[in-house]
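Below is one structure, written out as structure tokens; the observations come after it.
A short reminder: the numbers here are calculations on the coordinates, not readings from a lab. As the structure is a computational prediction, the values presented were derived from the model and not from experiment. Counting neighbours? That spans all protein chains shown, and the Cβs are built from the backbone with ideal geometry, glycine included.
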Amino acid sequence: MSGTLTVVGTPIGNLGDFSPRAQEALAAADFIAAEDTRVTLKLLNHFGLKKPLLSYYEHNKRGRGAVICDRIEAGENCVLVSDAGMPAISDPGEDLVAECAARGIRVLAVPGPTAMATALALSGLPTGRFTFEGFLSVNKKSRRDHLEELRGEKRTMVFYEAPHKLAATLRDLLDTLGDRRIALARELTKIHEEVIRTTLAKAADRFADGSARGEFVLVVEGAAQEAPAEAVTVEEAAALALSLAAEESLPLSEACRRAAAQTGLPRNKIYKAASAQHEASRP
């Protein structure tokens, strides 16, 4: 008789958030598929559990997924965990669940904490409708294309980001979406938990020096439901940027960034218009 795969959410920081039902699921499993066996071993030791561990992560998921499914079909029960949070959400576990579903293997879930929902609840931004965007690509073109698709997104947007990439991500968000509200949640459920409610322009300035520490969840305000009559056109914003560049001896890119912060219009549109105006003004 075939066994089951049970997807178990693990704490995102505070071990007190690990539910009794989740502990029971681990205790009943024949083996555990873990993103990082070292991290999961610490969790097991904390709760006095001993179980065989099998690594399952991004770079071995294809071959290892078949092995796990074969063992389940042979009658073993497997628990799938990630290092933190709910497996299969922005996580290679989604492929294992899909493979189990394709092979007719029963999949159960023991819900647990997720950084996405926790940050959204703390953000102070609209939560009735939202879109989870996960991690942005490190490839510049893919990243730019992704953000361009979100330019008119009216729902609140949620992103995950690592501290060493935060400064670049905030700049890209500001350049593409224009200035708007954002909540930056870091170290959720941990001792140094912090939620910074600010704007994209202010956040980009605050973290420009690369001083960010801890894993971040970014909750970004969606576009206005109805496009208001623009108090400032792109052409006017471009003229403002050119004026700032001349008066303060700024590079055009920096002048356009400041104009974007003042007008709420996307920096790349301002830069394009300002460049055209500059070329047109040449004798």
For the residue pair residue 36 and residue 24, what label-to-label distance in nm results when each label sits 7 Å from Cα along the Cα-to-beta-carbon direction? 3.0
Out of 93, 117, 45, whose Cα points farthest toward the positive end of the dipole of segment 1-132 (charges: +1 Lys, Arg; -1 Asp, Glu; placed on Cβ)? 45
Nearest 20 debye, what's the magnitude of the dipole of segment 234-281 about its Cα centre given +1 on Lys and Arg Cβ and -1 on Asp and Glu Cβ? 240
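Any idea what the dipole of the chain comes to, in debye rounded to 20, about its Cα centre with Lys/Arg Cβ at +1 and Asp/Glu Cβ at -1? Working shown, then result.
Values: 35 positive and 38 negative charges, 46 e Å.
With only Lys, Arg, Asp and Glu charged at Cβ, the dipole is about 220 debye.
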Here are a few candidate values for Kirkwood radius over Cα pairs in Å: (1) 19.3; (2) 20.8; (3) 21.3. Which one was actually calculated from the structure I just gave you? (3)
What do you get when you divide the Cα radius of gyration of segment 57-216 by 2.2 N^0.38 Å, with N the number of residues? 1.21
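Output the peptides 109-118, 96-105, 246-255 sorted from most to least packed, where packing is the average of other Cβ atoms within 10 Å over each peptide's residues. Let's see the in-between values first.
On the way: 109-118: 19.3, 96-105: 15.9, 246-255: 12.9.
Packing order, densest peptide first, comes out as 109-118, 96-105, 246-255.
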Would you please give the FRET efficiency between residue 127 and residue 83, computed as 1/(1 + (r/R0)^6) with r the Cβ-Cβ distance and R0 = 25 Å, to the nearest 0.05? 0.45
Can you report the principal axis dimensions of segment 234-281 using only the alpha carbons, biggest first, rounded to whole angstrom? 25, 20, 14
Roughly what angle does helix 252-263 make with the longest principal axis of the chain, taking Cα atoms, 0 to 90 degrees, to the nearest 10? 80
Measuring from label point to label point, each 7 Å out along Cα→Cβ, what is the residue 235 to residue 268 span in nm? 2.3
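If you filter segment 1-107 for chymotrypsin sites (Phe, Trp or Tyr not before Pro), then keep DSSP loop positions with at most 14 other Cβ within 10 Å, what is left? Kindly include the intermediate steps, with their values, before the conclusion.
Working: sites: 18, 31, 47, 56, 57; in loops: 18, 47, 56, 57.
Filter output for segment 1-107: 47.
For residue 151 and residue 280, compute 0.36 nm times the residue count separating them, minus their Cα-Cα distance, and round to one decimal in nm.
On the way: separation 129, 0.36 × 129 = 46.44 nm, distance 2.84 nm.
Extra length from residue 151 to residue 280 when fully extended: 43.6 nm.
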Projected label distance in nm at residue 102 and residue 138, using a 7 Å step from Cα toward the beta-carbon: 2.7
Along the charge dipole of the chain, Cβ charges K/R +1 and D/E -1, which of 18, 169, 280 sits furthest on the positive end? 18
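Based on the Cβ-Cβ distance of residue 253 and residue 192, what FRET efficiency does E = 1/(1 + (r/R0)^6) give at R0 = 30 Å, to the nearest 0.05? Let's see the in-between values first.
Details: r = 34 Å, r/R0 = 1.14.
After rounding to 0.05, the efficiency reads 0.30.
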Where does helix 37-46 land angle-wise versus the long Cα axis of the chain, in degrees 0 to 90, nearest 10? 60
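Just from its helices, what would the mean residue ellipticity at 222 nm be for the chain, if runs of 4 or more DSSP H residues each count -39500 (n - 2.57) and the sum is divided by every residue, rounded to the nearest 500 deg cm²/dmol? Write out the running numbers ahead of the final one.
Working: 11 runs with 121 residues, N = 283.
About -13000 deg cm²/dmol.
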Cα centroids of segment 60-118 and segment 234-283: how far apart, whole angstrom? 50
Taking a cut-off of 21 Å between Cα atoms, list the lysines near residue 51, but don't count ones fewer than 8 places away on the same chain. 42, 61
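With +1 assigned to the C-beta of every Lys and Arg and -1 to the C-beta of every Asp and Glu, and no other charges, what is the dipole magnitude of segment 1-158 about the Cα centre in debye, to the nearest 20? If you can, show how the numbers build up before the last one.
Values: 19 positive and 19 negative charges, 55 e Å.
Using Cβ point charges on Lys, Arg, Asp and Glu, segment 1-158 gives about 260 debye.
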Under a cut-off of 19 Å between alpha-carbon atoms, report the aspartates and glutamates in cross-link reach of residue 269, not counting same-chain residues fewer than 8 places apart. 145, 148, 149, 153, 172, 175, 179, 230, 235, 236, 254, 279
